[in-house]
Amino acid sequence: VTSLSAAKGLDRFKAFYDAASGPKDAVSVLDIGVNPNMTVPQKSKLRTFMPTGMVTVFVGNDTWAGGKNDASFGAPLFLTGAQVTIDGKAIVEGGKLVLGTTAM
């Protein structure tokens with residue numbers, strides 16, 4: 001994490017972040033939702049890591065996932081409409097899972 005911004009509510013979030021100790025700015029988990037039975041309507045405010053194509057970047061504490069980062073802060077950051085490419089192959093485009101979807 002190199003900077004933080006938000007349309008609203010950043011002051012409260014930043015207070016928790018600034019008060020935390022340990023490697024709170026490290027990316028700890030990257031999650032790509034693959035559940036084809038869980039979708040989020042386009043204008044929905046639902047933010048969860050389960051829907052197909054939802055990209056979630058967790059920062060800070062990752063001991064809950066078996067990691068060793070025991071920072072006193074951890075947060076999931078949901079990236080709606082994200083693009084993910086690995087080795088030149090699109091995995092997620094515009095928040096939609098595109099690689100492997102025919103096999104699901």
(message) Calculate the FRET efficiency for A90 and N35 from the Cβ-Cβ distance with a Förster distance of 22 Å, rounded to the nearest 0.05.
(response) 0.70
(request) Pull up all non-local amide H partners of M54: gap of 5 or more, or a different chain, and H-to-H distance under 5 Å with H placed in the peptide plane. (result) G33
(message) Can you give me the accessible area per residue for the chain, using a 1.4 Å probe, in Å²?
(response) 69
(message) Using a Förster radius of 22 Å, what is the FRET efficiency between M50 and A75 based on their Cβ-Cβ separation? Nearest 0.05, please.
(response) 0.80
(message) Between V27 and K8, what is the label-point separation in nm under the 7 Å Cα-to-beta-carbon projection?
(response) 3.0
(message) Suppose R0 equals 25 Å. What FRET efficiency, 1/(1 + (r/R0)^6) with r the Cβ-Cβ distance, do F16 and K68 give to the nearest 0.05?
(response) 0.70
(request) Filter the trypsin sites (Lys or Arg not before Pro) in region 1-90 down to the DSSP loop ones having no more than 16 other Cβ atoms within 10 Å, then list what survives. (result) K8, K43, K45, R47, K68
(message) To test your reading of the geometry: what angle, between 0 and 90 degrees and rounded to tens, separates the Cα axis of helix 10-19 from the longest principal axis of the chain?
(response) 60
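Leaving ligands, DNA and RNA out of it, rank T85, T56 by accessible area with a 1.4 Å probe, largest first. Show your work: numbers first, answer last.
Values: T85 80, T56 0 Å².
The ranking, largest first, comes out as T85, T56.
The values are calculated or read from the model by the stated rules, or taken from the named source; none is laboratory data. These figures come from a predicted structure and were not determined experimentally. Heads up, the Cβs are rebuilt from the backbone with ideal geometry, glycines too, and the neighbour counts pull from every protein chain shown. Areas reflect the complete protein model, heavy atoms only, side chains present, ligands, DNA and RNA absent. Shrake-Rupley method; radii C 1.70, N 1.55, O 1.52, S 1.80 Å.
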